[in-house]
Amino acid sequence: VIAAVLALTYQLLARIGDRYSATVAGVLFLLLFGFQHTDYLGNFSWVAPYSHEMTHGIGLTVLAIWLLSRFVARPGRVLLCCVGLTLGAVFLTKPEVFAAAALATGVGLVLRAVATGERPGTVLRQVSLLGAAGLILPGFAMLALSTAMPFRDALMGTLGGWVHVTNEELTALPFYSDGRGTKDTAASLAAMARWMGWFVAALIPSALASYWARRAGA
């Protein structure tokens, strides 16, 4: 899984930037996320994940984005169906991962439509085809489970974590409110703004150096 994610990420970043920046990003990915052991527990890395649904879901999301990039470069129904099938597989992992994957795919389709001047009807047909393809794997999973259990249990098993998204008894627990950052929303927003400021301050010098280097080369 980590090798596939690394390969797909490298291709995407090399297309956005260049081979050097993609290589640096890949090395940092392996050092900071692939094999790190910074906590007293050792199951918060890609090679030893606390939840395989996370690594599988993120890996499939990267695959969906890569397939979408191929669709943007060379539109076709087969590629769009492949994107939908991949999103359907992401749906079977974790709700938060699927939400991110669906949002990224939707934004990609909208930006492509704006750039190419496609009509709303064409975009609607693309979304319909994407959605239809996305139902195939969850539907197959539900039918497969229904051969070994009642249909309702098969449906609940297919929905997985989505069943608990609106369960207030779970969502109100301090563990989840802390993780979401909603226990003290104002403090969470302030922390996000503070860290964003640090990141911007760290990136400005390199951005200015890159700009001046390009001006000098031109």
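In table form, for the structure just shown:
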| read-out | value |
| --- | --- |
| Among residues of the stretch 145-186, those that are open to solvent by 70 Å² or more (accessible area, probe 1.4 Å), in a helix (DSSP H, G or I), free of Cβ contacts under 8 Å to residues at least 24 places away in the same chain and closer than 12 Å to PRO95 by Cβ, counted | 1 |
| Verdict on LEU60 being within 17 Å of the chain's Cα centre (by Cα) and without any contact (Cβ under 8 Å) to a residue 24 or more places away in the chain | no |
| Members of the stretch 47-61 that are assigned to a helix (DSSP H, G or I) and of a type in the set (S, T, N, Q) | THR55, THR61 |
| Residue among PHE33, PHE71, PHE44 that alone is part of a helix (DSSP H, G or I), without any contact (Cβ under 8 Å) to a residue 60 or more places away in the chain and closer than 29 Å to TYR176 by Cβ | PHE33 |
| Any hit, the stretch 85-108, residues being in contact (Cβ under 8 Å) with a residue 40 or more places away in the chain, in a loop (DSSP other than H, G, I, E, B), under 27 Å from TRP162 (Cα atoms) and open to solvent by 30 Å² or more (accessible area, probe 1.4 Å) | yes |
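The values are calculated or read from the model by the stated rules, or taken from the named source; none is laboratory data. These figures come from a predicted structure and were not determined experimentally. Positions of Cβ are backbone-derived with ideal geometry, glycine not excepted, and every protein chain shown enters the neighbour counts. The protein model used for the area step is the full one, side chains on, heavy atoms only, and it has no ligands, DNA or RNA in it. Shrake-Rupley method; radii C 1.70, N 1.55, O 1.52, S 1.80 Å.
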